[in-house]
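The values are calculated or read from the model by the stated rules, or taken from the named source; none is laboratory data. Remember, it's a predicted structure, so these values are computed and weren't measured experimentally. So basically every Cβ, Gly included, is an ideal-geometry build from the backbone, and we count neighbours across all protein chains shown. Quick note on the areas: whole protein, heavy atoms, side chains included, nothing else; ligands and nucleic acids left out. Shrake-Rupley method; radii C 1.70, N 1.55, O 1.52, S 1.80 Å.
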Amino acid sequence: MSEKKQQVSRRQFLNYTLTGVGGFMAAGLLVSPLRMAIDPVLKESSAGDLANVSLAVEDITTEPTRVDWKIDQIDGWYESQVNKSAWVFKDENDEIQAFSPVCKHLGCVVSWEGSEDYPNEFYCPCHDGRYYKDGTNVPGTPPLAPLDVFEKEVRDGMLFLGEAKPKGEA
Amino acid sequence: MYWKKEDINKYVQAKEYIDTIIIPLIPFQLSQDNDLEKNAFQSEVLTVFSGEIERELTGRVMLIPTYTYLKSADKESEAARLNGWVEDAEKQPFNHTFFVTFDSSWKKHEQALNGTLLWLPGLQTGDLHSKEMHAIIRDQVEQISELVRSYWH
Ligand code: FES
């Protein structure tokens, strides 16, 4: 008697449980369209976010100027503020260019006209690496690739920069 | 380059391009109540500062782990230990050695050091994360890296 009672209650228990699981799955189905609707929004505010570099577009000239800004970065163990820099100018088509200052040889910081001997070029002081104004590496100098290019956007007349990508990919 | 796995792997493959070491010298002493705050602050600033120089010149410079010593220690014997580090690095070879510090007491013992001492004056206290401090550090970093570069020519 007591055994039967127990069996029933066990079946009931299983029933409840399965309903529970089914309920969960149903809830999952309901949630996922919602998630899909929200996800792109979530993504935009986290990785790949563009930062305001405090430079008004109207102040950008054809002379490359260095801009510095900070971003918060979580990198494994460390959460820290990272300093970023870019060389920004308008090219002959009046388009904004923003190059990473990191030399493609071994990573030193390059400067616009950093050497008197090479006017109108970016110059890397470490091993005399050179780049033309459009970022292309000067053949015969150590760097083997053009300077990386920042993702960029103009919002309300201000320049926003994101990540630096190899030229042609940004 | 830093003393960490990723950078060292790069270093090993490009040894001929990396010929300069920078060693930060940071005093530490808990028994000197009056100077505790100043010393701790300068330690923070120098760490940021050396990191910025490293970033500027990473392809040619190896930033050595900070040399830490008691503020009251005898500088001659500290210099002897430091020269041991330098001698070891020179076998690689590294041709240029720079020591960076806020501690002026090294100035008197400059001759004993096997390398170039870059003593940075000032910065007793302040807010490391303020805009002003950022500008000061940027400015100093630029000047010091220019100085380092002048040794390369
Ligand atoms: S790091 Fe720029 S030329 Fe070597």
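Return the residue satisfying two criteria in turn: it lies in segment A:56-88 and is of a type in the set (Phe, Trp, Tyr) and touching a strand residue (DSSP E or B) at 6+ places or on another chain (Cβ under 8 Å), and of such residues it is nearest to the other protein chains (Cβ to nearest Cβ).
Ranking the qualifying residues of segment A:56-88, first place goes to A:Trp69.
Does A:Asp75 qualify as being surrounded by 11 or more Cβ atoms within 10 Å (Cβ to Cβ) and of a type outside the set (Val, Ile, Thr)? I'd like the intermediate steps shown before the answer.
Values: surrounded by 11 or more Cβ atoms within 10 Å (Cβ to Cβ): no; of a type outside the set (Val, Ile, Thr): yes.
It is false that A:Asp75 is surrounded by 11 or more Cβ atoms within 10 Å (Cβ to Cβ) and of a type outside the set (Val, Ile, Thr).
Within segment A:89-108, how many residues are within 14 Å of chain B (Cβ to nearest Cβ) and either farther than 17 Å from B:Gly51 by Cα or buried (at least 22 other Cβ atoms within 10 Å of the Cβ) (or both)?
Total meeting the criteria: 7.
Of the numbered conditions (1) buried (at least 19 other Cβ atoms within 10 Å of the Cβ); (2) of a type in the set (A, V, I, L, M); (3) under 21 Å from B:Ser145 (Cβ atoms), B:Ala14 fails exactly one; give the number of that condition.
With respect to (1) buried (at least 19 other Cβ atoms within 10 Å of the Cβ); (2) of a type in the set (A, V, I, L, M); (3) under 21 Å from B:Ser145 (Cβ atoms), B:Ala14 is out only on (1).
Pairs under 9 Å by beta carbon, first residue near the ligand (Cβ under 10 Å from one of its atoms) in segment A:132-146, partner in a loop (DSSP other than H, G, I, E, B) and open to solvent by 80 Å² or more (accessible area, probe 1.4 Å), six or more apart or different chains?
A:Asn137/A:Leu144
Is it fair to say A:Ala98 is part of a strand (DSSP E or B) and touching an Asp or Glu at 6+ places or on another chain (Cβ under 7 Å)?
When the stated conditions are applied, A:Ala98 does not pass them.
Just a yes or no: is a residue in segment A:69-76 without any contact (Cβ under 8 Å) to a residue 60 or more places away in the chain, closer than 22 Å to B:Glu52 by Cβ and assigned to a loop (DSSP other than H, G, I, E, B)?
yes
Take segment A:115-141 and flag every residue that is assigned to a loop (DSSP other than H, G, I, E, B) and either among the basic types (Lys, Arg) or open to solvent by less than 40 Å² (accessible area, probe 1.4 Å) (or both).
A:Ser115, A:Glu121, A:Pro125, A:Cys126, A:His127, A:Lys133, A:Gly135, A:Val138, A:Thr141
Answer with yes or no whether A:Val154 is part of a strand (DSSP E or B), away from the ligand (no atom under 16 Å from the Cβ) and in contact with a helix residue (DSSP H, G or I) (Cβ under 7 Å, 6 or more places away or on another chain).
In short, yes.
List pairs: first in segment B:55-66 and without any contact (Cβ under 8 Å) to a residue 24 or more places away in the chain, second open to solvent by less than 40 Å² (accessible area, probe 1.4 Å) and within 12 Å of the ligand (Cβ to nearest atom), Cβ under 7 Å, 6+ apart or cross-chain?
Close Cβ pairs satisfying both conditions: B:Arg55/A:Val109.
Criterion first (closer than 15 Å to A:Glu163 by Cα, away from chain B (no Cβ under 14 Å) and more than 16 Å from the ligand (Cβ to nearest atom)) does A:Val53 satisfy it?
yes
What is the residue count in segment B:18-49 for residues that are in contact with a strand residue (DSSP E or B) (Cβ under 8 Å, 6 or more places away or on another chain), within 14 Å of another protein chain (Cβ to nearest Cβ) and assigned to a helix (DSSP H, G or I)?
The number of residues fulfilling the criteria is 2.
Given the structure, is A:Asp117 closer than 23 Å to A:Val57 by Cβ, away from the ligand (no atom under 13 Å from the Cβ) and out of contact with any Leu (no Cβ under 9 Å at 6 or more places or on another chain)?
Taking the combined requirement at face value, the residue does not satisfy it.
For B:Lys15, indicate whether it is farther than 20 Å from B:Glu142 by Cα and at the interface with another protein chain (Cβ under 10 Å from one of its Cβ atoms).
So B:Lys15 fails the test.
Tell me which residues, restricted to segment B:51-76, are in contact with a Leu (Cβ under 6 Å, 6 or more places away or on another chain) and either open to solvent by 40 Å² or more (accessible area, probe 1.4 Å) or within 14 Å of another protein chain (Cβ to nearest Cβ) (or both).
As a first pass, look at segment B:51-76 and keep what is in contact with a Leu (Cβ under 6 Å, 6 or more places away or on another chain): B:54, B:59, B:67.
B:Glu54, B:Gly59, listed by residue number.
Here is a check on your reading of the model: is A:Gly162 open to solvent by 20 Å² or more (accessible area, probe 1.4 Å), over 30 Å from B:His153 (Cβ atoms) and more than 14 Å from the ligand (Cβ to nearest atom)?
So A:Gly162 fails the test.
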